[in-house]
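The values are calculated or read from the model by the stated rules, or taken from the named source; none is laboratory data. Everything numeric in this text was worked out from a predicted model, so none of it was measured. Cβ atoms come from the backbone with ideal geometry, glycine included; neighbour counts cover every protein chain shown. In case anyone asks, the SASA skips ligands and DNA or RNA and just uses the protein heavy atoms, side chains included. Shrake-Rupley method; radii C 1.70, N 1.55, O 1.52, S 1.80 Å.
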Amino acid sequence: MLAAMRSLVSGLTNLTWITAGYGWFTLVAPILVAAPLYFAGNLSFGGLMMAAGAFIQVQSSLRWFVDNFSTIADWRATLLRVASFRRAILNTDIVHGSESRIEFVEGPPGKFSVENLRIASPTGCTLLEDTHVEMLAGERILITGEPGTGKTLLFRALAGLWPWGTGRIKRPKGEDAMYLPRVPYLPPGTLREVLAYPWGVEKFADGAFAPALTRLDLARLVPLLDSTQHWERDLSEDEQHSLVFARGLLHAPRWMIIDEVLDSLDDRARDCVIDVLTKDFQQTGIVYIGRVPARDRLFGRTLRLMKDPGAHRLARV
């Protein structure tokens, strides 16, 4: 990110030097060229000004590319992004047909299991150190790994959003699961509707919303339950994540799959969320995928995620 920003600033600086320098040079150049004739007495002052004006008029007609270079660069960058997106869309069916798929099946209630899971990606294969993992309802499991091992890829695979690879994921039949990505999604609407998402507010008792907010240290938002705002802009990142956990209190899911959310929270919000996960979700199976152990008192088991760059590589498109 910083390297891209540095490159962009450097390019804009060079472009500004060229365009600004070109503009100032064309103001001075005709006078410098005609000055010897003027000082020799062969050209009047009026003639000097006429020559300079004629030069500037011709130069203004020819400097269109200099004035519009940045606009042309923006057009080109937009065209390349659209062309790249179109190429990826056209090649999607090719990837679907050529790559093996993870098998998603329904298992017995109260048990979430992963068998011989190997997740394919362009950079290699992501897999768990244990080939067979069973997670029971009410159990709290931490899945950790070094940077670049594909933690978010595992989260997407468990959610059924990334099907490429091998192995089997058994999800408990008839039990709901709540998936919490690193970037929370807050749909448009009132705060009450945001908490009830994806269900309607009529599914929950009117008195259930305020206690959920208060439990996550969001009591200041209780008077705004029926207000419509741009919540993704008006709330801080920590408040948005806390709001999603308040949603979890309302829904009381049987399973929660969390992707690195705790790693980005400040100490106060993190302690509050961990206290809620410990005391209010005792019957919920929690799978947390993160960089470092969040709290020893929360997780009873730790699994390791590994990366095999040479195994089952997803073809680049």
Subject >> Hey, His230 more than 30 Å from Phe104 (Cβ to Cβ) and not aliphatic (A, V, I, L, M) or not >> reply: yes
Original post:
Of the residues Leu277, Leu249, which single one is open to solvent by less than 10 Å² (accessible area, probe 1.4 Å), at negative phi and not in a loop (DSSP other than H, G, I, E, B)?
Top reply: Leu277
**OP:** Select from segment 118-127 the residues that are open to solvent by 20 Å² or more (accessible area, probe 1.4 Å) and either part of a strand (DSSP E or B) or among the aromatic types (Phe, Trp, Tyr) (or both) and write down the one among them that is farthest from Asp263 (Cα to Cα).
**Re:** Arg118
**OP:** Return the residue satisfying two criteria in turn: it lies in segment 227-246 and is assigned to a helix (DSSP H, G or I) and farther than 17 Å from Pro211 by Cα, and of such residues it is least open to solvent (accessible area, probe 1.4 Å).
**Re:** Trp231
Subject >> Residues that are open to solvent by less than 20 Å² (accessible area, probe 1.4 Å) and part of a strand (DSSP E or B), drawn from segment 129-167 >> reply: Val133, Met135, Ile141, Leu142, Ile143, Thr144, Gly165
